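Data block below; observations after.
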Ligand code: C2E
Ligand code: MG
Ligand code: MG
Ligand code: MG
């Protein structure tokens, strides 16, 4: 692999669900120490505005560099972290680190872009989440308009709790996106009522959009519905030009995927994707 991919390549391990209880416990213990041992880091994937091809955002994605196992996939350790409750301090670290990185880039004179941060279920259910995020933003001095929080449909199952939480988060001035849209519990009722800003069409629909006419219908319908509901719409997992062309024809706003870039380390992201702001325009 070339240098560009170093540190973001993930080896495949047995999913936590299929692991033996003993091995699971071991991994959970390792996870418990990972924060203090600085084994986590964030990689960033650009989000492209289709109309202009500008980079308008980035998604922060968590990586765990395990001392013995190497890089462990979030698909493997997030569920473990979620079950054990460790996701709360880990998620807080992600929030702080991503916001601080974004602020540093602004202070360095780059054109500001928005950072998307994934929230887990447990984090989202914390009654004081908005307060914690407010503290992080004020401590760092980051304008909330440069933060986008990604939640999934399943987190809105309890409509009242979700509505109240989203309202508090929106009052901070951050954006809210629904991640993996189309794969979870979708009620059109919640789309109408929840204070959200954006739908992110799940990769599974985008990846087969040229081969599977049902996927094409789904992508087209979600995009059109987002327009009617005055929501932004982002396509995940765009890997080729044909998919991109299809998304343009559907007037999808933004796209993310390997076609533009894999998630990469901050130094690379800075070098490849960030633009210097015109003089005098810095914060
Ligand atoms: P997600 O939020 O839906 O993130 C998108 C995933 O798709 C990422 O996998 C990304 O690397 C991958 N991806 C992006 N473009 C392409 C593409 O063109 N093709 C393919 N095949 N894959 C693409 P990753 O980084 O392994 O993350 C997996 C999931 O783990 C995320 O899905 C998210 O649900 C979770 N996750 C990652 N970081 C965090 C975090 O900080 N907190 C929480 N709670 N969950 C996280
Ligand atoms: Mg996401
Ligand atoms: Mg997603
Ligand atoms: Mg996804």
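Quick notes on this structure:
- Ordering of 76-87, 250-261 by packing is 250-261, 76-87, highest average first (other Cβ atoms within 10 Å, averaged per residue).
- Global geometry of the chain, whether rounded, prolate or oblate, following the gyration tensor of its Cα atoms and the 1.5 cut on a/c: rounded
- Shape category assigned to the stretch 151-283 from the gyration tensor of Cα positions, a/c cut at 1.5: oblate
- Exposure proxy order (Cβ contacts within 10 Å, fewest to most) of 145, 99: 145, 99
- Computed over the stretch 19-174, Kirkwood Rh from alpha-carbon pairs, angstrom: 16.7
- Shape call, the stretch 50-103: gyration tensor on alpha carbons, a/c limit 1.5: prolate
- Among 26, 170, 20, the ranking by other beta carbons within 10 Å of each residue's beta carbon, starting with the fewest, stands as 20, 26, 170.
- Burial ordering of 148, 139, 30, fewest other beta-carbon atoms within 10 Å first: 139, 30, 148
- Mean residue ellipticity at 222 nm, helices only, the chain: -13000 deg cm²/dmol; runs of at least 4 DSSP H residues each add -39,500 (n - 2.57), and the sum is divided by the number of residues.
- Here is the size of the stretch 181-255 from its Cα atoms: Rg then Dmax, 11.7, 35 Å.
- The mean sequence separation of alpha-carbon pairs under 8 Å and at least six residues apart, normalised by the residue count of the chain, gives a relative contact order of 20 percent.
- Förster radius 22 Å - calculated FRET efficiency between residue 35 and residue 164, Cβ distance, rounded to 0.05: 0.15
- All Cα pairs of the stretch 125-210, percent lying beyond 16 Å: 55
- Reducing the stretch 54-122 and the stretch 234-271 to their Cα centroids gives an inter-centroid distance of 19 Å.
Values quoted throughout were computed directly from the atomic coordinates according to the rules given, and no laboratory measurement underlies them. Note that this is a predicted model, so its numbers are computed, not measured. Heads up, the Cβs are rebuilt from the backbone with ideal geometry, glycines too, and the neighbour counts pull from every protein chain shown.
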